[in-house]
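Novice: My questions will all concern the structure given below.
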Amino acid sequence: MPRPHGFAYEQHAGGTVRITHHGRPATTLNGPRADQFLAEVEASDPQLVMARWTGNYKRGNERTARDHPRNRR
């Protein structure tokens, strides 16, 4: 499974954090959630943390779903 990439975050006034994926907004965090996110980003791999917080990460079933008859085109 490839490592996540393309995530970025911006810290705004008032404690708001906006996470983007390839330039598109993925999520916005406020208050204690933003503080928890910032602490976690500093302590670990930022790309993995942002992928987990936004829910945009591989779950391992993409190939199975792609091959399902209903998804073939």
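Novice: For segment 1-40, what relative contact order do you get, as a whole percent, if you take Cα pairs closer than 8 Å and at least 6 residues apart? Walk me through the intermediate numbers first.
Specialist: Details: 45 pairs, mean separation 11.4, N = 40.
So the answer I get is 29 percent.
Novice: Rounded to the nearest 0.05, what FRET efficiency is calculated for D67 and H22 with R0 set to 25 Å and r the Cβ-Cβ distance?
Specialist: Working: r = 26 Å, r/R0 = 1.03.
After rounding, the FRET efficiency stands at 0.45.
Novice: Further question: Could you report the accessible area of H21 in Å², rounded to 10, computed with a 1.4 Å probe on the protein chains as they sit in the structure?
Specialist: Approximately 60 Å² of H21 is accessible to the 1.4 Å probe.
The values are calculated or read from the model by the stated rules, or taken from the named source; none is laboratory data. Quick caveat, the model's predicted, so the values are computed rather than measured. Cβ atoms come from the backbone with ideal geometry, glycine included; neighbour counts cover every protein chain shown. For accessibility, only protein heavy atoms count, side chains too; no ligands or nucleic acids. Shrake-Rupley method; radii C 1.70, N 1.55, O 1.52, S 1.80 Å.
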